[in-house]
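The values are calculated or read from the model by the stated rules, or taken from the named source; none is laboratory data. All of these numbers come straight from a predicted model, not from anything done at the bench. Neighbour counts run over all protein chains shown; Cβ positions are idealised from the backbone, glycine included.
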Protein chains: 2
Amino acid sequence: MLYLIGLGLGDEKDISLKGLEAVKKCSQVYLEAYTSLLSTGLRLSALEELYGRPVILADREMVEQEVEQILEQARTSDIAFLVVGDPFGATTHSDLVVRARKMGIEVKVIHNASVMNAVGICGLQLYRFGEAVSIPFFTETWKPDSFYDKIKANRLLGLHTLCLLDIRVKEPSIESLCRGKKVYEPPKFMTINTAIEQLLQIETNRAESVYNSDTTCVGLVRLGSEAQKIVVGSMRELLTVDFGPPLHCLIIVGNTHPIEDEMLEFFAMPKACFNAQNCTD
Amino acid sequence: MLYLIGLGLGDEKDISLKGLEAVKKCSQVYLEAYTSLLSTGLRLSALEELYGRPVILADREMVEQEVEQILEQARTSDIAFLVVGDPFGATTHSDLVVRARKMGIEVKVIHNASVMNAVGICGLQLYRFGEAVSIPFFTETWKPDSFYDKIKANRLLGLHTLCLLDIRVKEPSIESLCRGKKVYEPPKFMTINTAIEQLLQIETNRAESVYNSDTTCVGLVRLGSEAQKIVVGSMRELLTVDFGPPLHCLIIVGNTHPIEDEMLEFFAMPKACFNAQNCTD
């Protein structure tokens, strides 16, 4: 049996009792580490201590190259594949499930919170979100802007847009690939600030008035952890905020209901402080 | 402190370790029981045994009438308010949070899986969903169809639509209200079959060709529990399925990627059996 187990968003104690029971009876425990993040309160040593067994970090390369072996083990014994958030949250693990099922291996999923539902904590109603978008890191020569059309469609319908921000973990540097020997770049996580800069850059290029620096957004960082922070403000205002360590995500707010407004107010930036002359505290 | 704790979707063991720790230190434990459901594996006695303390069922009336008292308790002691799924999932508890914050009471949220992210298990990617819709029970004189426009907008964009189906728990009967003494109707949960009938009825009325009986859908019932069932088929096909006990939900499938198709195939109805002449098993 292959157990796909969501760890939730905070630390090792966000696993469910059901998830923990499953991990404890598995002969091998893998932690998917290429889309997830270990820096937000989730420490490998804490997981190993809680589970009472070693946890094998499975990065992208390992999963791609050794997936058959991992799944072969699941034919005769119980194998756990741990995923930060929910196994079918922002990043789905459909490919792993498809492979397993094709090999005739039973798969059991143990759900948990994902960024896709936990963002509801800011007060915006989940059923008022349109399509979610991913914002990739721009390079000098590569500035994909397909997210712009999706945000436009959402805004025309008055819907909120969740922007998932790029995570680059264990990416081989282009230089090293040219030299034929892989050297990995340090992990890189997009900040809300970079995301807003890129969004405004694309608005300038496309000029279809989808949003502007006055558009209300919600910045959410380290969701579900003790160090969670939520700030509501215009794009211009949020650009001035230091949100600190990853993970960051951003919501572009659509039309709101009064109950949503009331919740958003709790997270609003102190208005007086945007203009230094008016700042009294 | 007011703890808002998600219980997840299956049974008592879907609570997180963090959630359980919080419940155990609370002096009063309430279980929100007007939007949630106790019939899918979640038994009050099992919760009480696990927590080692009584759990007070808080129905809609109680929450509306006694919310101030509940929150007053949270001023001086730790109070747990348990919610099936995630506190900010399909049904948000923003109003409770707003009230608490206005009274100066600290609120801590412990997330869990919600139907809004757990539907990803069928293989459809969460970021390819448009706005979610609610399908209410039609009556002879009341057939609201605002969901139709939302589904239309989603389908024009090629997006999937999650349909949340009506739950009616502890609703006073109209008759009893006329007599001035409340008598409650038995709980009522919309089945996938009723939802599809109503959807097709509205398509007939509106005739804007948003979907038809050949449109591919996914029926998901008792998500996250041992008795979970997922069936993929056309609306016409799904109408013939007995999905059993609640909760039911339905996805109207938009444009799919190949990896989504591969996953959906696992849940497809046996094609040969739709036409009795072709049915070989």
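Scanning segment B:184-237 for residues that are of a type in the set (Gly, Ala, Ser), assigned to a loop (DSSP other than H, G, I, E, B) and surrounded by 14 or more Cβ atoms within 10 Å (Cβ to Cβ) returns B:SER213, B:GLY224, B:SER225. Taking the listed residues A:LYS182, A:LYS150, A:LYS188, the one that is over 30 Å from A:MET62 (Cα atoms) and free of Cβ contacts under 8 Å to residues at least 60 places away in the same chain is A:LYS150, with no other qualifying. Condition check: more than 10 Å from chain B (Cβ to nearest Cβ) and in contact with a helix residue (DSSP H, G or I) (Cβ under 6 Å, 6 or more places away or on another chain). Does A:ALA74 satisfy that? No, not satisfied. Which residues, taken from segment B:24-41, are touching a strand residue (DSSP E or B) at 6+ places or on another chain (Cβ under 8 Å) and at pLDDT 85 or above? Within segment B:24-41, B:CYS26, B:SER27, B:GLN28, B:VAL29, B:TYR30, B:LEU31, B:GLU32 qualify.
Applying the condition of being among the hydroxyl-bearing types (Ser, Thr, Tyr) and loosely packed, with under 15 Cβ neighbours inside 10 Å to segment B:238-281 and asking which residue is modelled with the lowest pLDDT yields B:THR280. Of the residues that make up segment A:42-55, is at least one modelled with pLDDT under 95, surrounded by 18 or more Cβ atoms within 10 Å (Cβ to Cβ), within 14 Å of another protein chain (Cβ to nearest Cβ) and not in a loop (DSSP other than H, G, I, E, B)? Among the residues of segment A:42-55, at least one is modelled with pLDDT under 95, surrounded by 18 or more Cβ atoms within 10 Å (Cβ to Cβ), within 14 Å of another protein chain (Cβ to nearest Cβ) and not in a loop (DSSP other than H, G, I, E, B), which makes the answer yes.
Pairs please, first residue from segment B:15-29 and closer than 22 Å to B:ARG75 by Cβ, second anywhere and part of a loop (DSSP other than H, G, I, E, B) and basic (Lys, Arg), Cβ atoms under 9 Å, 6+ apart in sequence or on different chains. These pairs meet every condition: B:VAL23/B:ARG53; B:LYS24/B:ARG53; B:CYS26/B:ARG53; B:SER27/B:ARG53; B:GLN28/B:ARG53; B:VAL29/B:ARG53. Scanning segment A:87-119 for residues that are in contact (Cβ under 8 Å) with a residue 60 or more places away in the chain and either among the charged types (D, E, K, R) or touching a helix residue (DSSP H, G or I) at 6+ places or on another chain (Cβ under 6 Å) (or both) yields A:GLY89, A:ALA90, A:ALA100, A:ILE105, A:GLU106, A:VAL107, A:LYS108, A:VAL109, A:ILE110, A:HIS111, A:SER114. Taken over segment B:120-146, the residue count meeting the criterion of being closer than 13 Å to A:TYR127 by Cβ and hydroxyl-bearing (Ser, Thr, Tyr) is 2.
Go through segment A:101-145 and give me each residue that's aliphatic (A, V, I, L, M), buried (at least 24 other Cβ atoms within 10 Å of the Cβ) and part of a loop (DSSP other than H, G, I, E, B). A:ALA113, A:LEU124, A:ALA132, listed by residue number. What tally of residues in segment A:238-272 results from selecting those that are within 21 Å of B:LYS102 (Cβ to Cβ), away from every other protein chain (no Cβ under 14 Å) and not in a helix (DSSP H, G or I)? Of the residues in segment A:238-272, 2 are within 21 Å of B:LYS102 (Cβ to Cβ), away from every other protein chain (no Cβ under 14 Å) and not in a helix (DSSP H, G or I).
Filter segment A:180-220 down to the residues that are modelled with pLDDT under 95, hydrophobic (A, V, I, L, M, F, W, C) and over 20 Å from A:TRP142 (Cβ atoms) and list them by number. If the condition is that a residue be modelled with pLDDT under 95, hydrophobic (A, V, I, L, M, F, W, C) and over 20 Å from A:TRP142 (Cβ atoms), then A:VAL183 is the only one that fits. Each residue in segment A:115-145 was checked for being farther than 20 Å from A:PRO246 by Cα and not acidic (Asp, Glu), and 13 of them qualify.
Candidates in segment B:91-138 are the residues that are at the interface with another protein chain (Cβ under 7 Å from one of its Cβ atoms) and polar (S, T, N, Q); of these, the one that is farthest from B:VAL63 (Cα to Cα) is B:GLN125.
Sort through B:PHE147, B:PHE138, B:PHE81 and tell me the only one that's within 30 Å of B:PHE266 (Cα to Cα) and aromatic (Phe, Trp, Tyr). Spell out how you get there, then give the answer.
Details: B:PHE138 fails: within 30 Å of B:PHE266 (Cα to Cα); B:PHE81 fails: within 30 Å of B:PHE266 (Cα to Cα).
So the residue among B:PHE147, B:PHE138, B:PHE81 that is within 30 Å of B:PHE266 (Cα to Cα) and aromatic (Phe, Trp, Tyr) is B:PHE147.
Determine if segment B:79-86 includes at least one residue that is within 14 Å of B:TYR30 (Cβ to Cβ), in contact with a helix residue (DSSP H, G or I) (Cβ under 9 Å, 6 or more places away or on another chain) and at the interface with chain A (Cβ under 10 Å from one of its Cβ atoms). No: segment B:79-86 contains no residue that is within 14 Å of B:TYR30 (Cβ to Cβ), in contact with a helix residue (DSSP H, G or I) (Cβ under 9 Å, 6 or more places away or on another chain) and at the interface with chain A (Cβ under 10 Å from one of its Cβ atoms). Among residues of segment A:40-66 that are closer than 18 Å to A:GLU21 by Cα and touching a residue at least 24 places away in the same chain (Cβ under 8 Å), those with a Cβ under 9 angstrom from a residue that is of a type in the set (Lys, Arg) and surrounded by 13 or more Cβ atoms within 10 Å (Cβ to Cβ), sequence gap 6+ or separate chain, pair up as A:ALA46/A:LYS13; A:LEU50/A:LYS13; A:TYR51/A:LYS24; A:GLY52/A:LYS24; A:ARG53/A:LYS24.
Summed over segment B:56-73, the residues that are touching a Lys or Arg at 6+ places or on another chain (Cβ under 8 Å), part of a helix (DSSP H, G or I) and over 15 Å from B:GLN28 (Cα atoms) give a count of 2.
If you go through segment A:74-100 and pick out every residue that is in a helix (DSSP H, G or I) and surrounded by 17 or more Cβ atoms within 10 Å (Cβ to Cβ), you end up with 7.
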